[in-house]
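Participant: Structure incoming, see below.
The values are calculated or read from the model by the stated rules, or taken from the named source; none is laboratory data. Treat the numbers as computed from the prediction; the structure is a model and nothing was measured. A quick note on method: Cβ atoms are made from the backbone with ideal geometry, for glycine too, and the neighbour counts reach across all protein chains shown.
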Amino acid sequence: MRSLLSLTLALVAAIVHAAPANPASNKVLVVLNTESEAPLFSLYVDSMRAQAIAPAKVIDFINRGGNVVVAASSNVGESVRDIAIELSADFDEKGNAVFDHFQSLPNDKTRVLSKKILGDTVIIPNSLKKAIASGSAPLVFKGVGHRLTGKNPLVMPVLVGNPTSFSYLESTRGNTAPPAASALVGSSLVLVSALQARNNARVIFSGSVDLFKNEFFELTVDSKKTANKAFTDELSKWVFQEKGVLEVRKVFHHRAGEDKQHGSYRIKEDLVYEIELSEFHDNKWHPYKSSTPIQFSATMLDPYIRQNLTLLKSTPSSSIYTLPFMTPDVYGVFTFAVEHKRREGYSWIAVKEDVSIHPFRHDEYPRFLSAAFPYYANVVSMMGGFVVLSAVVLYHRETLGEDKKVKKE
């Protein structure tokens, strides 16, 4: 009874979401009389499991922010191939494998000692990268290669083939030279790649299932333990958001000399913009210190301000970046935004806030404008002339002539 129950639970775990989608249910329970009968139905169970891997479902899962590890082999199925090609990773033809006659295990040329790791140190630490490249920690790869089509610029290679590596039919055991026009060779042969989507979902494409096997974890090459476990651990930490994750703790903008945020500011006013950022790794939050500029922009259809933020200070768990600036001499609704999108494995930051910029109020304009000084002088001169003319008219007396004096006499 216990064996029957364990088999039932195992089958439930293996076949949940393995049935074709229907509105009634997406779970299937298979109950067998004895555990020994399980191999008799393996083809049927495999067919049901294959139906569950619908590329559209996986893509929808990624679009909703899910993280996925796609591992293939020389017998890569069509479903896995379709999922990969949707994300700009094209696995080689079925039956092909990666060979290397110069950097591989002596008894199997398909067990390649891969050494070429690309990209920044966020996914694979620099220390591990150097150990693999030097051969002190060999990385064994057995599987199929793929190429990046270039249609999706968000996919980046992580592990590529050695200069002597190539992809060809596994049945030839690498003894036949591959056609130069069709084979994936050298650095164009991608072994492991990564995708950082715009919604911060992460995907790993690996052409080797064996890369994750216990056998390869415990394998020794020339008395040196392989780096497969350390390499796959770093891949898992990255793809499941355990490192390289950036978080916006706080966004704050205020007038210079104040500490209160407003939703409306005046044109040509001195403001200060601050953003607090943290980076997650080693199971806790750390201050984020960017090696690339973090830009702030104030846009209203067109960008009026686009400047780099500077590091103000750091706390044990975050860093505060700031930018003092003057609001544009244009009023309207502006978008204050910080978009920090690095391709080297960090999650993307996109912070936007609408802020209104209003013109001067009637009592905020300056009393006198330097450009109007000639007009001011004109007004003053006219006023002075009017006063002088009025004084002359009012206080001028005419002197009587001698003829008028004679008549009076």
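Participant: May I ask you to list the residues in the stretch 207-229 that are closer than 19 Å to V160 by Cβ and of a type in the set (D, E)?
Facilitator: Within the stretch 207-229, just D210 meets the criteria.
Participant: Where residues in the stretch 141-155 are among the hydrophobic types (A, V, I, L, M, F, W, C) and part of a strand (DSSP E or B), which of them is surrounded by the most Cβ atoms within 10 Å (Cβ to Cβ)?
Facilitator: Residues of the stretch 141-155 among the hydrophobic types (A, V, I, L, M, F, W, C): 141, 144, 148, 154-155.
From what is left, the residues that are part of a strand (DSSP E or B) are 141, 148, 155.
Numbers: F141: 27, L148: 20, V155: 22.
Only one residue tops the list, namely F141.
Residue-wise test of (1) more than 19 Å from E353 (Cα to Cα); (2) in a strand (DSSP E or B); (3) among the hydroxyl-bearing types (S, T, Y); (4) at pLDDT 95 or above.
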position: G257; (1), (2), (3), (4): yes, no, no, no
position: L277; (1), (2), (3), (4): no, yes, no, yes
position: S291; (1), (2), (3), (4): yes, no, yes, no
position: F325; (1), (2), (3), (4): no, yes, no, yes
position: A337; (1), (2), (3), (4): no, yes, no, yes
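Participant: With outside any strand (DSSP E or B) and more than 23 Å from I62 (Cα to Cα) as the only criterion, which of A131, A97 stands out? Reasoning before the result, please.
Facilitator: On the way: A97 fails: outside any strand (DSSP E or B).
On inspection, the qualifying residue turns out to be A131.
Participant: Here's another thing I want to ask about it. Return yes or no: is V158 within 25 Å of A84 (Cβ to Cβ), surrounded by 14 or more Cβ atoms within 10 Å (Cβ to Cβ) and modelled with pLDDT of 90 or more?
Facilitator: Against the criterion (within 25 Å of A84 (Cβ to Cβ), surrounded by 14 or more Cβ atoms within 10 Å (Cβ to Cβ) and modelled with pLDDT of 90 or more), V158 qualifies.
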